[in-house]
Amino acid sequence: MDDKTEAELERIFAARDRDNMGPTIAALLPIYDEHPHDPQVLYEVGGAYDTAGDEATALGFYERAMAEGLEGDVRRRCYLQQGSTLRNLGRLDESIELFARARAEFPDSVSLGAFEALTLHAAGRANTALGSLLTLLAEHVHAEELDRYQAALRGNAEYLVSLDDPR
């Protein structure tokens, strides 16, 4: 993406009203028309539709952004938003599968882990959801009072996940 397009996207998002995304979407569509294969543009248009509550449209843009080679932190954010959108659309198995791929690619992402836990909970796997959050806590929250209990947190997390294991 060229600097001019990037600056225009920044200007559009600085002016957006999350409660009325119509003007933002209207401003993004000409950029999309000019750059229909730019993964960043596809992602941003998808995000605008998502914020507007049109998750089915957003999902198509997220999928295309990924297929066009979205990279780096924006790719991680797209995974999160796509997985969350799948969950909101009731496509829980697809959301779980997507989060598994995303977590394999970005294993240290706390935000992916948190949103994955929301999907697991929505899928009726509350024990696994809580277990995964305990693991995130043990791995990413460092406080003197908590550090000494990391082994216990991990052990409890493993136990909770095992409760949802169908074996």
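The values are calculated or read from the model by the stated rules, or taken from the named source; none is laboratory data. Quantities reported herein were computed from a predicted structural model and do not represent experimental measurements. For the accessible areas, the whole protein counts, side chains as well, though only heavy atoms, and no ligand, DNA or RNA atoms are used. Shrake-Rupley method; radii C 1.70, N 1.55, O 1.52, S 1.80 Å.
D by Stokes-Einstein for the stretch 1-71, Kirkwood Rh over Cα pairs, 37 °C, 0.692 mPa s: 275 µm²/s. Here the Gaussian network model covers the chain, with springs between Cα atoms less than 10 Å apart; of Ala117, Ala143, Ala126, Ala143 fluctuates the most. What the chain shows is 56 Å² of accessible area per residue, with the surface traced by a 1.4 Å probe over protein heavy atoms.
Please report, as a whole percent, how much of the solvent-accessible surface of the chain comes from carbon and sulfur atoms (probe radius 1.4 Å). Its accessible area is 51 percent carbon and sulfur atoms. Classify the stretch 101-167 as rounded, prolate or oblate from the Cα gyration tensor: take a ≥ b ≥ c as the square roots of its eigenvalues, call it rounded if a/c is under 1.5, otherwise prolate when a/b beats b/c and oblate if not. In terms of gyration-tensor shape, oblate. Just to be sure I understand, if you calculate mean projected area of the Cα convex hull in nm² for this structure, which of (i) 11.4; (ii) 10.8; (iii) 9.9 do you get? Recomputing mean projected area of the Cα convex hull in nm² here gives the entry labelled (i). Axis angle, to the nearest 10 degrees, between helix 72-88 and the longest C-alpha principal axis of the chain: 80 degrees. The C-alpha atoms of the chain define a longest principal axis, and helix 110-122 lies at about 80 degrees to it. The C-alpha atoms of the chain define a longest principal axis, and helix 92-105 lies at about 90 degrees to it.
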